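Reviewing the structure listed below.
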Amino acid sequence: DSGVTQTPKHLITATGQRVTLRCSPRSGDLSVYWYQQSLDQGLQFLIQYYNGEERAKGNILERFSAQQFPDLHSELNLSSLELGDSALYFCASSSHRAGKLFFGSGTQLSVL
Amino acid sequence: SQQGEEDPQALSIQEGENATMNCSYKTSINNLQWYRQNSGRGLVHLILIRSNEREKHSGRLRVTLDTSKKSSSLLITASRAADTASYFCATPDNYGQNFVFGPGTRLSVLP
């Protein structure tokens, strides 16, 4: 058990809809990272937060947004969903910059 | 951004054999990490090697780093069926803010 909790584990929704993925980092970790994993794109970095502030942005679509709350949990919001958004979404946390990452078990998103 | 590229893409071996996976990256780094992912599960950190280290061991894992060649290797000795997984190398990006993962090596260990 990595200590990182992601909910829900599975999400099935329709095109055009909006969903929210939730992540609770390991106790004490201030950094939260979001990754998208698909068969054709591999593991793609989306966005990073550190202690509530956005620190780095990767290949995140404008339809996607995230935030980190004062209790350090984070949410990833995906809107106007398309079939191609179907993927595994991972949250990871770290205690400091460029250190070891602890991954959650992921949210499997299926857009039908 | 920097990216590690693992090689081979897939590897199939018998139990008890050694498995070697390689990772090449493009620019200078201060550390390189290896992760394992069982099918459909989250990634698990295996080992971190710093740029001033040449070799590191953890149980049956041995990682080497050659900064002059910008490459790293992960050796799993005496493999077991439970080692069947995908293995990824990860390097910090240019700003040291996040990690860039390679496409991974799919290892199959046959009983």
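Just to confirm a number: summing +1 for Lys and Arg and -1 for Asp and Glu over residues other than A:G42 whose beta-carbon lies under 11 angstrom from that of A:G42, what do you get? So the surrounding residues net to -3. What translational D, rounded to a whole number of µm²/s, comes out for the range A:49-110 from Stokes-Einstein when the hydrodynamic radius is the Kirkwood one over Cα pairs, at 20 °C and 1.002 mPa s? The Stokes-Einstein estimate is 165 µm²/s.
Cβ crowding within 10 Å ranks B:Y35, A:Y50, B:Y95 as B:Y95, A:Y50, B:Y35, fewest other Cβ atoms first.
Counts of other chain beta carbons within 10 angstrom of each beta carbon in peptide A:39-49 average 3. DSSP beta bridges confined to the protein assembly as shown are antiparallel in about 90 percent of cases.
If you sort the three axes of the alpha carbon gyration tensor as a ≥ b ≥ c, you get a/c of 1.5 or more for the range B:45-87 and a/b above b/c, which makes it prolate.
I'm checking a number: the convex hull volume of the Cα atoms of chain A, normalised per residue, in Å³. What is it?
92 Å³
Per-residue shielding of B:83-95, expressed as the average number of other chain Cβ atoms within 10 Å of the residue Cβ, stands at 2. The residue list B:Q33, B:S71, B:S12 was ranked by how far each Cα lies along the charge dipole of chain B toward its positive end, using unit charges on Cβ atoms, and B:Q33 comes out on top.
In the calculated pair-distance distribution of the range B:1-73, the portion above 17 angstrom amounts to 48 percent of the Cα-Cα pairs.
Each other residue within a Cβ distance under 10 Å of B:S71 adds +1 if Lys or Arg and -1 if Asp or Glu, for a net charge of -1.
Read the figures in this text as sums done on the coordinates, not as results from a lab. The structure displayed is predicted, hence computed values, not measured ones. We place every Cβ from the backbone using ideal geometry, glycine too, and count neighbours over all the protein chains shown.
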